[in-house]
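Only the coordinates and a few stated rules stand behind these numbers; no lab work does. These numbers were taken from a predicted model, which means no experiment stands behind them. Glycine also receives a Cβ, built like all others from the backbone with ideal geometry; neighbour counts cover every protein chain displayed.
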Amino acid sequence: MTRSKLFLSTIVLLVPLFAAGQAAVDSPRSADLNISAKARAIHESALIVDTHADTPQRFLDEGFDIGSTDPKDIGHISLDKVHRGNLGAEFFSIWVEPETNQGHFAKHTFDLIDSVYEQAARHPGRIMMAFSVADIERAHREHKLAALLGIEGGHSIENDIHLLRDYYRLGVRYMTLSWSNTNEWADSSGDVNDSKVQHHNGLTDFGKQVVLEMNRLGMMVDVSHVADKTFWDTIETTKAPVIASHSSARALVSAPRNMTDDMLRAVAKNGGVVQVNFFNGFIDQNYWDAAKAQAKDRDAAVQKYIDQLKAEGKTVTYLDTDRVEREWGARIPRPPLKSLIDHIDHIAKVAGVDHVGLGSDFDGVSGATPQGIDSAADLPKITQALLDRGYSAEDIHKILGGNLLRVFREVERVSHEMQARPATAGAQ
């Protein structure tokens with residue numbers, strides 16, 4: 001089952017959209033069109049942090065090189081696109097599809113982590129692995145992309161706190177407690193209404209131990225994807241600020257993946273940050289409704305293609321169904337950039353401007369991003385749009401990355417404080 005196929009089955013739709021005219025990558029300066037000198041100066045002086053890109057799937061499954069200059073590449077992330085968008089730090093998502101990798105979650109997690117390290121080794125002059133705020137700032141001074149790791153889905157730890165620690169040692173600096181699947185210790189928003197799935201009414205006792213161990217290690221706790229009760233259990237349990245690495249506002253779009261205003265206010269009280277997801281289905285209600293309406297037929301078309309490949313004796317991968325998914329996604333009108341900016345603006349108003357940032361989901365949503373945002377090269381358009389809405393340079397810098405860095409620093413501080421305490425007897 002492909003990633004977007006699973007989204008469909010859990011009504012957390014991942015519907016790629018890429019109209020024919022989008023197939024060609026922007027010309028080198030196209031991302032700068034309609035960007036004022038003031039907006040460009042604000043953007044170029046910012047340390048920009050994006051907390052979610054699924055590019056490791058491309059590294060591993062396609063053999064994609066982040067240094068690629070192929071003009072036909074339709075991906076969101078490459079070093080050239082990163083440079084044109086002045087992206088300073090990217091958290092690469094370590095996502096393991098739970099159905100096709102059953103029994104091998106940790107192995108696939110390690111493979112994906114390795115794929116990011118290999119890219120950094122291949123391009124040492126332009127990208128470096130980063131494990132702390134200090135590393136991000138050093139990469140910025142050296143004009144390199146800071147590459148960080150975030151695990152998307154607690155099933156990757158295979159219910160073993162020791163694996164969690166191993167992932168931290170390898171550089172993982174956040175973990176999403178659940179993906180669209182409920183695991184053995186955390187309920188997900190993706191299947192919370194599925195009676196066939198065994199739920200826990202939020203976090204189990206072990207799940208709470210995981211949160212506290214993440215606090216102790218200095219790994220940010222990510223509440224994107226989790227069920228509402230899991231969110232509230234996490235807020236009650238954590239000793240450090242949380243992040244939502246790629247979530248938007250439920251007041252604007254009714255997707256269960258999005259966060260209610262009460263959740264936004266709770267994240268603010270906790271000192272955390274909500275990183276806005278760029279996926280059309282989470283930022284535009286019309287797109288969300290249209291995607292749900294086509295789900296049954298699209299699901300059937302994808303399954304038919306999978307069955308055909310299997311009948312031919314071929315191994316089915318995420319990439320195999322991409323063409324079908326794009327064709328179906330292209331039937332839905334692409335929302336304007338305003339839809340994305342509305343979510344940033346809403347969260348800034350509800351939670352405060354200190355508690356909102358960018359969590360694009362680049363390369364995890366194919367072309368299903370709003371008009372004008374075709375890759376990381378287009379990030380200056382967000383700065384221009386925020387400036388047009390009256391945001392100051394200081395506040396724009398916070399949204400572009402400053403807020404996430406503040407939270408990361410506080411997570412590091414809490415970790416140092418917890419580790420300085422005497423070890424608790426019987427600790428795992």
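Laid out as a table, the results:
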| quantity | calculated |
| --- | --- |
| Unsatisfied cross-links (Cα-Cα over 29 Å) in the set 81/398; 229/269; 144/314; 38/338 | 144/314 |
| Inter-part distance where region 375-428 and region 168-195 are each reduced to a Cα centre, Å | 21 |
| Value of relative contact order over region 288-362, rounded to a whole percent, pairs C-alpha under 8 Å and six or more apart | 23 |
| Derived scalar couplings ³J(HN,Hα) [region 395-409; Karplus, 6.51 cos²θ - 1.76 cosθ + 1.60; whole Hz; x for Gly, Pro] | 5, 5, 4, 4, 5, 6, x, x, 5, 5, 5, 4, 5, 4, 4 |
| Interatomic Cα distance distribution for region 258-383, bins of 5 angstrom, percent | 2, 10, 17, 18, 16, 13, 10, 7, 4, 2, 1, 0 |
| Lys, Arg +1 and Asp, Glu -1 on Cβ, resulting dipole of the chain about Cα centre, debye, nearest 20 | 660 |
| Zero-based 20 Å bins, Cα pair distances in the chain, whole percents | 28, 62, 10, 0 |
| Qualifying aspartates and glutamates (Cα of each under 19 Å from Cα of residue 296; at least 8 residues distant if same chain) | 191, 194, 307, 322, 325, 327 |
| Positive-end residue of 246, 41, 156, charge dipole of the chain with Cβ unit charges | 41 |
| Relative contact order [Cα under 8 Å, 6+ residues apart], the chain, whole percent | 23 |
| Loop-resident sites, region 172-277, for trypsin sites (Lys or Arg not before Pro), counting at most 12 other Cβ within 10 Å (DSSP) | 196 |
| The chain - share of DSSP beta bridges that are antiparallel (%, nearest 5) | 5 |
| Computed [θ] at 222 nm, deg cm²/dmol, the chain (DSSP H ≥ 4; -39,500 (n - 2.57); rounded to nearest 500) | -12500 deg cm²/dmol |
| Region 101-237: relative contact order as a whole-number percent, Cα under 8 Å and 6+ apart | 20 |
| Point-charge dipole on Cβ atoms (K/R +1, D/E -1) for region 295-409, about Cα centre, debye to 20 | 120 |
